[in-house]
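Visitor: After the C-alpha cells below, expect a handful of questions from me.
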Amino acid sequence: MGDFYHERKVKKTKKDHKCFGCRAKIPTGSSCFYITFVNDGDFGADYLCLKCKEYLVNNPEFARAGYGEGDIRDAMLEDEEWRKQRGKDAVAFQIGKRLPI
Ligand SMILES: [Zn+2]
C-alpha cells in the first residue's frame with residue numbers, strides 16, 4: 001500500500017467527489033472515506049465510496065497488494081462474474097441430478 005496510509009470517515013460530503021476505487025460519483029451529502037497516503041514519496045489524497053471500502057474490508061489481501069484508480073470496480077465486476085458463473089453451475093448440477101440421463 002505504500003509508505004503511509006490513513007483514512008477517515010466523512011459523514012457528509014460538502015461537494016461532489018469521485019471515488020478512487022470505482023470512479024463513481026460520490027454525490028454531495030453522502031458519506032464516504034477520505035484517504036491520504038504517501039507512495040514512493042508522493043503524497044496523495046482521494047475519496048472512497050462505501051462500496052469500495054466494504055470491498056477492501058472483505059478483501060484485505062487486495063488492499064495490501066495495492067491498487068490503482070478504478071481497480072476496485074474491476075475487481076468487483078470480476079467477483080460478480082465469478083459468482084454468476086458459480087450460480088449457473090449450481091443450477092446445471094441440480095437439473096443434471098433431476099434428469100435421468
Ligand atoms: Zn467506489
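Visitor: Would you point out the residue of the stretch 38-50, among those that are surrounded by 13 or more Cβ atoms within 10 Å (Cβ to Cβ) and touching a Gly at 6+ places or on another chain (Cβ under 8 Å), that is farthest from Thr13 (Cα to Cα)?
Guide: Applying the filter and picking the extreme gives Asn39.
Visitor: Under the condition of being in contact with a strand residue (DSSP E or B) (Cβ under 9 Å, 6 or more places away or on another chain) and exposed (fewer than 14 other Cβ atoms within 10 Å of the Cβ), which residue from the stretch 25-37 is nearest to Arg64 (Cα to Cα)?
Guide: Thr36
Visitor: If I filter the stretch 1-19 down to residues being at pLDDT 95 or above and within 17 Å of Gly68 (Cβ to Cβ), which single residue comes out as farthest from the chain's Cα centre (by Cα)? Break it down stepwise before answering.
Guide: Initial filter on the stretch 1-19 (at pLDDT 95 or above): 8-19.
Checking which are within 17 Å of Gly68 (Cβ to Cβ) leaves us with 18-19.
Numbers: Lys18: 13, Cys19: 10 Å.
Across the stretch 1-19, the extreme among qualifying residues is Lys18.
Visitor: Can you give me the number of residues within the stretch 59-82 that are assigned to a helix (DSSP H, G or I) and loosely packed, with under 12 Cβ neighbours inside 10 Å?
Guide: Result for the stretch 59-82: 9.
Visitor: Taking the stretch 1-46 as the region of interest, how many residues are within 13 Å of the ligand (Cβ to nearest atom), within 16 Å of Val57 (Cβ to Cβ) and aliphatic (A, V, I, L, M)?
Guide: 1
Visitor: Tell me the residue from Phe43, Phe62 that is at negative phi, at pLDDT below 95, aromatic (Phe, Trp, Tyr) and in contact with a strand residue (DSSP E or B) (Cβ under 8 Å, 6 or more places away or on another chain), please.
Guide: Within the list Phe43, Phe62, the selection yields Phe43.
Visitor: So in the stretch 30-49, with the set limited to residues that are assigned to a strand (DSSP E or B) and hydroxyl-bearing (Ser, Thr, Tyr), which one is farthest from Leu77 (Cα to Cα)?
Guide: Among them, the one singled out is Thr36.
Visitor: Moving on to the next point. Please work out which residue is farthest from Gly44 (Cα to Cα), limiting yourself to the stretch 11-29 and to residues that are in contact with a helix residue (DSSP H, G or I) (Cβ under 9 Å, 6 or more places away or on another chain) and assigned to a loop (DSSP other than H, G, I, E, B).
Guide: In this case the residue turns out to be Ala24.
The values are calculated or read from the model by the stated rules, or taken from the named source; none is laboratory data. A quick note: this is a predicted structure, and the numbers were derived from the prediction, not measured. Note that we place each Cβ from the backbone using ideal geometry, even for glycine, and neighbour counts take in every protein chain shown.
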